[in-house]
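**Student:** My structure is below; once you've seen it, I'll send some questions.
The values are calculated or read from the model by the stated rules, or taken from the named source; none is laboratory data. The structure displayed is predicted, hence computed values, not measured ones. In this analysis, Cβ positions are derived from the backbone assuming ideal geometry, glycine residues included, and neighbour counts consider all displayed protein chains. Surface accessibility is based on the protein's heavy atoms, side chains included, excluding ligands, DNA and RNA. Shrake-Rupley method; radii C 1.70, N 1.55, O 1.52, S 1.80 Å.
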Amino acid sequence: NVLPARLLLALLLLAPALAEQQERGLIINLEVGELCLQSVQCKSGCCHRANGLSLARCAPKAAEFQVCSPKSIYGVYYKCPCESGLTCEADKTIVGSITNTDFGVCIDRQDFYRR
């Protein structure tokens, strides 16, 4: 009777650790630096590539005053979108979005209007 109780206790203690390991997969919940095909795969929400020939990797979102791209439907960015609460102030013309040159700078709009 003691062995099954200990086994049950061990399983209860290990269950959260095992669940934590399975949250991160080969396809989703990828960490910064891991290869990706779409931003939805990355925990950060940004699948970034340095140029058209480079492999895309998960990267952190852009912080305040860093260069950014507006969110797009493409799923892979040359510059990551802004962190939550920030806005990417960029030229959002159709030409810029097609040529992937619609980069801007992350700003906090609430802080901007307080000045």
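**Student:** Quick check on my filter: what residues within the stretch 46-84 are touching an Asp or Glu at 6+ places or on another chain (Cβ under 9 Å) and free of Cβ contacts under 8 Å to residues at least 24 places away in the same chain?
**Tutor:** Matches in the stretch 46-84: K61, E83.
**Student:** Take the residues in the stretch 34-90 that are among the acidic types (D, E) and in a loop (DSSP other than H, G, I, E, B); name whichever of them is least open to solvent (accessible area, probe 1.4 Å).
**Tutor:** Once the filter is applied, the top-ranked residue is E34.
**Student:** Can you tell me which of (1) closer than 22 Å to A50 by Cα; (2) modelled with pLDDT of 70 or more; (3) in contact with a strand residue (DSSP E or B) (Cβ under 9 Å, 6 or more places away or on another chain) is the one L86 doesn't meet?
**Tutor:** Condition (1) is where L86 drops out.
**Student:** Between residues in the stretch 96-115 that are at pLDDT below 85 and residues that are in a helix (DSSP H, G or I), which pairs lie under 9 Å by C-beta distance while being six or more apart or on different chains?
**Tutor:** Within 9 Å, the pairs are T101/V95; D102/V95; D102/G96.
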